[in-house]
Amino acid sequence: FPDETHQLSYTIPLTRLKAPGTTGIGDVMLNYRYQAISSERVAFAPRLSLILPIGDYKKEMGTGAAGLQVNLPLSVELTDKWVTHFNLGTTYTPRSRESGGARANTTGTNVGASLIYLLSDNFNLMLEVVQIKTELVQPDGSKQREKQTLLSPGFRYAINYDSGLQVV
């Protein structure tokens, strides 16, 4: 929209909770990304997202309120074989609800970093660490803070077709 400098996208999360039979759509995000820097070795593309309260807050699938999220992702090509990515973000949801209907303004932060080794053009080894801090509304309207740290090793493989289609 209309080119790579200005990008629109959406996120529709499928949520599955521990309780049996609790699977559904979470809050949907409409994203705008601006490719601010796109040089040979550095890319910076801030993202602003509108969070739509589609998920059922009574089933803990959503927040029951619209919100905003900002992310500041930075990618740096260290060498021909090593690439790193960083992301810093924050989320604000005014009048977020808990399953009984109590409301409070909530905030959250996310910080992430990854290191990728380009073994070949189509196969990459990856290591990522992410920390997410959130606030959850309690039945009395107070907030409980939660923190999650994830370490995720992995790999990525791409299949390139003559048509230009790439399947990753």
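The values are calculated or read from the model by the stated rules, or taken from the named source; none is laboratory data. Here the structure is a predicted model, which is why all the values come from computation and not from measurement. We place every Cβ from the backbone using ideal geometry, glycine too, and count neighbours over all the protein chains shown. The area values use the complete protein model at the heavy-atom level, side chains included, leaving out ligands, DNA and RNA. Shrake-Rupley method; radii C 1.70, N 1.55, O 1.52, S 1.80 Å.
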Hz values of 3J(HN,Hα) by residue in the range 112-126 - Karplus curve (6.51, -1.76, 1.60), Gly and Pro given as x: x, 8, 9, 10, 10, 10, 8, 5, 8, 4, 10, 10, 10, 9, 9
Per residue, how much accessible area does the range 78-152 show when a 1.4 Å probe rolls over the protein heavy atoms, in square angstrom? 63 Å²
MET126 accessible area, assembled protein chains, probe 1.4 Å, Å²: 60 Å²
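If we sort 128-134, 104-110 on the protection proxy, mean other Cβ atoms within 10 Å, highest first, what's the order? Show your work: numbers first, answer last.
Details: 128-134: 15.1, 104-110: 17.1.
Highest-to-lowest ranking by the protection proxy: 104-110, 128-134.
Tell me the net charge near LEU72. Cut-off is 15 Å between Cβ atoms, LEU72 excluded, with +1 for each Lys or Arg and -1 for each Asp or Glu. Kindly include the intermediate steps, with their values, before the conclusion.
Working: positive: ARG33, ARG47; negative: none.
That sum, taken over residues with Cβ under 15 Å, equals +2.
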State the Cα centre-to-centre distance between the range 129-166 and the range 19-38 in whole Å. 10 Å
Among ALA65, ALA102, ALA45, which one moves the most in a GNM of the chain with springs linking Cα atoms closer than 10 Å? ALA102
Provide the FRET efficiency to the nearest 0.05 for the ARG156-LYS133 pair, computing r from the beta carbons and using R0 = 30 Å. 0.65
Based on Cβ point charges of +1 for Lys and Arg and -1 for Asp and Glu, what charge dipole magnitude is obtained for the chain about its Cα centre, in debye rounded to the nearest 20? 720 debye
